[in-house]
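Below: the structure, in structure tokens.
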Amino acid sequence: MLSNYFTLVQIARCIHQQCAGTRISELYSQNKQQLCISIESHPAQTVIVSCEASGNFLYLREGNYRARKNSVDLFPAARGKKIQNVLCVQNDRVVRVEMEDNLTLECEMFASRANVILWKQENGGTVAVAVDAFMKKKEIVGTHRPVGERQEIPAYGLLVKNEDLFLDTVRAIGGETVFSSLKKTIAVLGSTLVKEILLRAEVLPSTPLSLVTDRELKRIYRETAKIVAAVNSPVAEGQARIYYEGQSPLCFSLIPLRTFEQSTHESFANVSAAIQRFVSTVRASSTFTNNKEQVSTWLEKEEKKAAQTLQKISSESTEHDRAGEYEIFGKLLMAHLHELRKGMKSIELQETLSSPHGRTLTIPLEPALP
């Protein structure tokens, strides 16, 4: 849920509260697909934006941790600009940092298409021109787009305030299951919150939409309205938590989830601290898992090599024992040549070479030999 719409709404509020009115001192990158925005404040703060396809996230941390080497300056036009407003675009996973001189830095959290683009408004604020970009710069710089007015009430806001509209919309979308239908109806919810809503409404996610009754849909509507109010409320800022399975993080959430009520969790005073903790814990867990896999692979190879060596030693030992046995067979046969006949498959002879009362040995013979 790091790039979930409601998470971005909360993190945008957090950054706005602490950074509005301050200036950007520098923008740089020292890790692959990660942008750092340093803020001139006391103490200094840094906005971290990750555009990795496997992990889009954005959070604010205290301090400036720029490395002395292997970092590159970016977005020179935004340096020294005062931040006027930070917000999440309605119904979209885009965090917008509005600055003086009609400049806007937009952090687009679109998984593999994630990017950060610097726009400048022109023609009296009716057109925005892309003047810089974090990735795919050649493709993006110079593109234009009209500047439209923001909606006062987001689409999901209309649905959670009108039960009949909600029910009609879910039925009209007509997904195969109630899970897919609800996810399409209010796309900003995401999978985790949709599962939580259905759990609270006591409706199985795999239930075909055609089998869901109006009574069940009304329960889903009520739980949806509650969830949206909870994650969209400023109160959610103090409810952010991480759920764990053992030491491994399972889920980041803005609110308590019944889906993970059997799991241990860690609560945080603000969403930014929770995101930072989740990211670092996931990386540490991933590093531990990778190291564990490498050690396990090495141990498996060594175990295989040891088994092969043991098998070889055992085989050589067996061959050595047989060589001694064959030598005894040969000596006994030479001593009893007169007893051998063509067609015999075996012969029993007493081993008298080592002692006068030795064991009786059955020696296999080749019947075809004369």
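The values are calculated or read from the model by the stated rules, or taken from the named source; none is laboratory data. All of these numbers come straight from a predicted model, not from anything done at the bench. Cβ placement follows ideal geometry from the backbone for every residue including glycine, while neighbour counts extend to all protein chains displayed. What goes into the accessible areas is simple: the full protein's heavy atoms, side chains included, and nothing from ligands, DNA or RNA. Shrake-Rupley method; radii C 1.70, N 1.55, O 1.52, S 1.80 Å.
For this structure, a couple of remarks:
- Residue in region 170-190 that is within 30 Å of P76 (Cα to Cα) and part of a loop (DSSP other than H, G, I, E, B) present: no
- Region 237-258, residues that are within 19 Å of A269 (Cβ to Cβ) and open to solvent by 60 Å² or more (accessible area, probe 1.4 Å): Q239
- Considering T259, T309, the condition of being modelled with pLDDT of 85 or more, over 28 Å from V47 (Cβ atoms) and either within 19 Å of the chain's Cα centre (by Cα) or assigned to a helix (DSSP H, G or I) (or both) is satisfied by T259 alone.
- In the set (1) hydrophobic (A, V, I, L, M, F, W, C); (2) in contact with a strand residue (DSSP E or B) (Cβ under 7 Å, 6 or more places away or on another chain); (3) open to solvent by less than 40 Å² (accessible area, probe 1.4 Å), the condition left unmet by F110 is number (2).
- When residues of region 65-76 are limited to those that are assigned to a loop (DSSP other than H, G, I, E, B) and open to solvent by 20 Å² or more (accessible area, probe 1.4 Å), the one nearest to E122 (Cα to Cα): L74
- Only one entry in E62, E100 is closer than 19 Å to V279 by Cα and surrounded by fewer than 18 Cβ atoms within 10 Å (Cβ to Cβ), namely E62.
- Number of the condition not met by A172 [criteria: (1) touching a residue at least 12 places away in the same chain (Cβ under 8 Å); (2) over 30 Å from the mean Cα position of the chain (by Cα)]: (1)
- Being in contact with a helix residue (DSSP H, G or I) (Cβ under 7 Å, 6 or more places away or on another chain) and either in a strand (DSSP E or B) or open to solvent by 40 Å² or more (accessible area, probe 1.4 Å) (or both) is a property that I11 lacks.
- Of all residues in region 318-337, those that are under 20 Å from Q350 (Cβ atoms) have Cβ atoms under 8 Å from Cβ atoms of residues that are at pLDDT below 80, 6 or more apart or on another chain, in I328/E351; I328/L353; K331/L353; L332/E351; L332/L353.
- Candidates I328, I275, I363: the one that is closer than 30 Å to Q239 by Cβ and either surrounded by 12 or more Cβ atoms within 10 Å (Cβ to Cβ) or at pLDDT below 70 (or both) is I275.
- Residue match in region 238-247 (condition: under 18 Å from A273 (Cα atoms), small (G, A, S) and either touching a residue at least 12 places away in the same chain (Cβ under 8 Å) or assigned to a loop (DSSP other than H, G, I, E, B) (or both)): yes
- Some residue of region 208-229 being of a type in the set (G, A, S), assigned to a loop (DSSP other than H, G, I, E, B) and either open to solvent by 50 Å² or more (accessible area, probe 1.4 Å) or in contact with a Lys or Arg (Cβ under 9 Å, 6 or more places away or on another chain) (or both): no
- Flag if A128 is out of contact with any helix residue (DSSP H, G or I) (no Cβ under 6 Å at 6 or more places or on another chain), without any contact (Cβ under 8 Å) to a residue 60 or more places away in the chain and open to solvent by less than 50 Å² (accessible area, probe 1.4 Å): yes
- Filtering S3, S38, S29, S50 for residues that are touching a strand residue (DSSP E or B) at 6+ places or on another chain (Cβ under 9 Å), open to solvent by less than 40 Å² (accessible area, probe 1.4 Å) and part of a loop (DSSP other than H, G, I, E, B) leaves a single hit, S3.
- When residues of region 331-360 are limited to those that are open to solvent by 50 Å² or more (accessible area, probe 1.4 Å) and polar (S, T, N, Q), the one modelled with the lowest pLDDT: S354
- Residue satisfying condition, being of a type outside the set (F, W, Y) and at positive phi, within set E245, E202, E196, E216: E202
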